[in-house]
Amino acid sequence: MNSTNQPEKPTSNNPSTNQDNRSQMSRTSATARAKQKKERRMNRRNTEDRIVNKIVTIVVVVLVLIISILGFTVFRYIQSSLNPLDPQSNKKIEITIPTGSSNKQIGEILEKGHIIKSGLVFNYYTKFNNLTGFQAGTYKLSPSMTLDGISKKLQGGNGLSVADAKLTIPEGFTIEQIADKLADKTKLDKKDFLALMKDDQFFQEMQAKYPKLLESAASATDVRYRLEGYLFPATYDYLNKMTLKDLVAQMIAKTDSVMQNYYDTIAAKNMTVQQVLTLASLVEKEGVSDVDRKNIAQVFYNRLAQNMPLQSDISVLYALNETKETVTIKDTQTDSPYNLYLNTGYGPGPFNNPGEKAIQAVLNPIQNDYLYFVADVKTGQVYFAKTLEEHNVLVEKYVN
């Protein structure tokens, strides 16, 4: 058998060719490494994404569970609060609703008296169902009663006790005038009442209960009575078993319930409750008609803007602690922080307890550019002037 020898392929000894081959292999290796790195990064990113997705899913599930549990808890609480506190109870609990109590305050009284579960729910229940006209008085209510039944009972005003006295406080009465009225109509002592008006501990108790109402009064200086201006003029039911603090607390509660309608407006005007009630107490006594009051309020604002003293005779009479028709030049020189002939600004605080019309006049005055006004001593008609010369003519004509 013949064999044929195949010639071997010659080996290239060209250095350039070898170098190119090595370069190509190096590039191939680098590409492979880069691809591997990219794959590893992608794997890490995918792993991280999966972990993040799991965490997000867990967090979402937990939040949904918490919200669901919270929502269910709130629903159960509201549902139980709408039902009688104790359907099987035969107890009758005596509670007293003070004059001027808001629905919120009534709810708090009912909750503290263990008649309902939640005063807050009662408040929203009455608002949602437009339930108003709750009457002050003393009632016997049972924990087995529904919110609707309690509301109807309070609306009917069929309380247990008939008032031993009706105490009517007119608009513009000072604290000392209220003290005289109290002594005349009730068994309460005038001196005890005036002492309570200067009781810092009692004021702090009321401030804690009505912070929006009394915050600015708390920081006032040189005041005669810190609660002057905050005992709302109205008719109150007085029961012989009531304490002095109970009666005064009713008056403050009534003021707060009225002022609830104006707190936002006062804040928007960058004023304090003390300033509003101070001007209202002047407007209350200086004007008779709503139009006059609104014009007078604007006169006071105009004078305040020019840093002029308000020069209200009402302030002088309060400084003198007197009641009379005519204020003399000598009176206007009385040394007192309440004398707004000598002092600029608002003074220490209210000069009496104004009604709601006067408060509205201060918060919604009629725009004018008057700086003076005078009232006809016979008719009460008020005349306004822009200059002192015009004012003096009016004074001569209608006063002197």
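Laid out as a table, the results:
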{"item": "Count of the stretch 126-154 residues which are more than 17 Å from GLN88 (Cα to Cα), surrounded by 13 or more Cβ atoms within 10 Å (Cβ to Cβ) and of a type in the set (Gly, Ala, Ser)", "result": "3"}
{"item": "Top-ranked residue in the stretch 362-383 [being of a type in the set (A, V, I, L, M) and modelled with pLDDT of 95 or more; ranked as farthest from MET259 (Cα to Cα)]", "result": "LEU371"}
{"item": "Residue satisfying condition, being over 30 Å from LYS185 (Cβ atoms), of a type outside the set (Ser, Thr, Tyr), within 23 Å of the chain's Cα centre (by Cα) and in the same structural domain as LYS324 (by the TED database), within set GLN250, GLN275", "result": "GLN275"}
{"item": "Cβ-Cβ under 8 Å pairs, at least 6 apart or on other chains, the stretch 78-92 side touching a residue at least 40 places away in the same chain (Cβ under 8 Å), far side surrounded by 12 or more Cβ atoms within 10 Å (Cβ to Cβ) and among the aromatic types (Phe, Trp, Tyr)", "result": "SER81/PHE122; LEU82/TYR125"}
{"item": "Residue identified as surrounded by 20 or more Cβ atoms within 10 Å (Cβ to Cβ), of a type outside the set (Gly, Ala, Ser) and not assigned by the TED database to the domain that holds SER315 among VAL382, VAL377", "result": "VAL382"}
{"item": "Whichever residue in the stretch 328-341 is closer than 18 Å to TYR372 by Cβ and open to solvent by 30 Å² or more (accessible area, probe 1.4 Å) and, among such residues, is farthest from the chain's Cα centre (by Cα)", "result": "ILE329"}
{"item": "Flag for ASN302 being in a loop (DSSP other than H, G, I, E, B) and either over 15 Å from ALA358 (Cβ atoms) or open to solvent by 20 Å² or more (accessible area, probe 1.4 Å) (or both)", "result": "no"}
{"item": "Extreme residue, farthest from GLY355 (Cα to Cα), among residues of the stretch 256-271 that are at pLDDT 95 or above and not in a helix (DSSP H, G or I)", "result": "ASN270"}
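The values are calculated or read from the model by the stated rules, or taken from the named source; none is laboratory data. As the structure is a computational prediction, the values presented were derived from the model and not from experiment. Cβ atoms come from the backbone with ideal geometry, glycine included; neighbour counts cover every protein chain shown. SASA here: full protein model, heavy atoms, side chains in, ligands and nucleic acids out. Shrake-Rupley method; radii C 1.70, N 1.55, O 1.52, S 1.80 Å.
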